[in-house]
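**Student:** I'd like to ask you about the structure that follows.
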Amino acid sequence: MKRLLYIILSLFLITSCEDVIELEVPTTSPRLVIDASLNWFNDTTGEYQKIKLSLSAPFFSNQIKPATGANVSITNQNNTTYNFIDANNDGTYECFNFNPQIGQEYKLTITYNNETYIGTETMMSVTPIDFIEQNDNGGFTGEETEIKAFYTDPQDEENYYFFEFREENETNPYLEVYDDEFINGNQIFAFYSNENTEVGNNLYIKNYGISKQFYEFMFLLLQQTSDGGGGPFEVQPATVRGNCINQTNPENFPFGYFRASQATELVYIIE
């Protein structure tokens with residue numbers, strides 16, 4: 001009986017000492033988030049391009065508010081301007097007559113809330129994927145499926161690569177960047193592993209040619225994620241600034257990046 005009373009008293013003391021702790025999360029004014037990726041995939045004209053604009057949200061918010069009412073355009077080095085229109089008023093600005101050219105420098109101009117944002121980028125070429133190799137005995141457990149996408153790096157060039165792997169039914173792709181510092185002119189592979197994959201799943205593999213500046217941006221960004229995956233414009237522990245500058249008010253810098261890439265895509269069926 002004494003033991004029972006002791007247990008009851010102990011539980012009472014433990015529960016009675018619980019306090020509700022309210023965390024005060026710092027708040028700030030929303031910033032413009034720029035997802036401007038010009039992608040010229042093989043076997044396409046590249047005429048259709050889109051740019052997504054949204055606003056940053058509080059840490060615990062799951063709602064992403066689109067940035068509507070902006071003026072968005074891209075100008076090439078020949079002073080040809082392509083206008084992007086948000087016809088659906090959802091923050092997706094579209095262009096249907098874009099003319100992509102490898103090595104061409106493009107300037108992105110965004111005017112939003114009376115502030116002008118500018119970013120410049122050169123469209124980089126891409127190296128095609130040679131073949132895919134699958135290993136079913138990978139990982140620490142020896143039971144994970146590993147996929148290697150082999151490609152041949154061009155010799156005597158400085159190249160950077162941005163790979164995106166996404167299995168069907170997955171929302172967030174696995175992202176990785178590579179350079180050719182130690183493999184210049186050789187065949188090498190991009191790596192993907194998933195312990196939960198299933199035979200027969202489609203694995204969508206995309207490779208983008210990228211600039212050194214974007215490689216460095218994504219490398220830092222991916223270092224802040226737990227597994228190298230997820231969306232590249234989600235909230236991060238530290239601010240990694242992109243290449244778009246607020247010309248009107250530099251302190252109100254945007255998030256995101258302006259990228260221009262030739263790209264290749266391959267669909268592999270998991271065996």
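**Student:** Inside the stretch 209-225, can you point out the residues that are assigned to a helix (DSSP H, G or I), within 13 Å of the chain's Cα centre (by Cα) and touching a residue at least 12 places away in the same chain (Cβ under 8 Å)?
**Tutor:** F214, Y215, F217, M218, F219, L220, L221, L222
**Student:** Between a residue in the stretch 36-51 that is under 25 Å from D90 (Cα atoms) and in contact (Cβ under 8 Å) with a residue 12 or more places away in the chain and any residue that is of a type in the set (K, R) and crowded, with 21+ Cβ neighbours inside 10 Å, which pairs come within a Cβ distance under 6 Å, given they are 6 or more apart or on different chains?
**Tutor:** S37/R259
**Student:** Restricting the stretch 54-79 to residues that are among the small types (G, A, S) and either loosely packed, with under 13 Cβ neighbours inside 10 Å or at pLDDT 95 or above (or both), which is farthest from the chain's Cα centre (by Cα)?
**Tutor:** Out of the qualifying residues, it is G69.
**Student:** Also: Any idea how many residues of the stretch 166-194 are part of a loop (DSSP other than H, G, I, E, B), in contact (Cβ under 8 Å) with a residue 24 or more places away in the chain and more than 21 Å from M123 (Cβ to Cβ)?
**Tutor:** Summing the residues that are part of a loop (DSSP other than H, G, I, E, B), in contact (Cβ under 8 Å) with a residue 24 or more places away in the chain and more than 21 Å from M123 (Cβ to Cβ) in the stretch 166-194 gives 8.
**Student:** Here's something else I'd like to know. So for the stretch 197-205 (the condition being assigned by TED's automatic domain parsing to the domain that holds E144, surrounded by fewer than 19 Cβ atoms within 10 Å (Cβ to Cβ), without any contact (Cβ under 8 Å) to a residue 40 or more places away in the chain and not aliphatic (A, V, I, L, M)), does at least one residue qualify?
**Tutor:** No.
**Student:** Scan the stretch 134-165 for residues that are outside any strand (DSSP E or B) and among the hydroxyl-bearing types (S, T, Y) and jot them down.
**Tutor:** Scanning the stretch 134-165 gives a single hit, T141.
**Student:** Next question, about the same structure. What about F191, is it within 14 Å of I132 (Cβ to Cβ) and modelled with pLDDT of 90 or more?
**Tutor:** yes
**Student:** Six or more apart or on different chains, Cβ under 8 Å: which pairs go from a residue in the stretch 137-159 that's free of Cβ contacts under 8 Å to residues at least 12 places away in the same chain to one that's not β-branched (V, I, T) and not in a strand (DSSP E or B)? Could you list them?
**Tutor:** Listed pairs, sorted by first residue: N137/E143.
**Student:** Also, I was wondering about something else. In the stretch 43-95, which residues are of a type in the set (A, V, I, L, M, F, W, C) and farther than 18 Å from F258 by Cα?
**Tutor:** A57, F59, F60, I64, A87
The values are calculated or read from the model by the stated rules, or taken from the named source; none is laboratory data. Please read these numbers as outputs of a predicted model, since none were measured by experiment. When we count neighbours, we look across all protein chains shown, and the Cβ atoms used for this are built from the backbone with ideal geometry, even at glycine.
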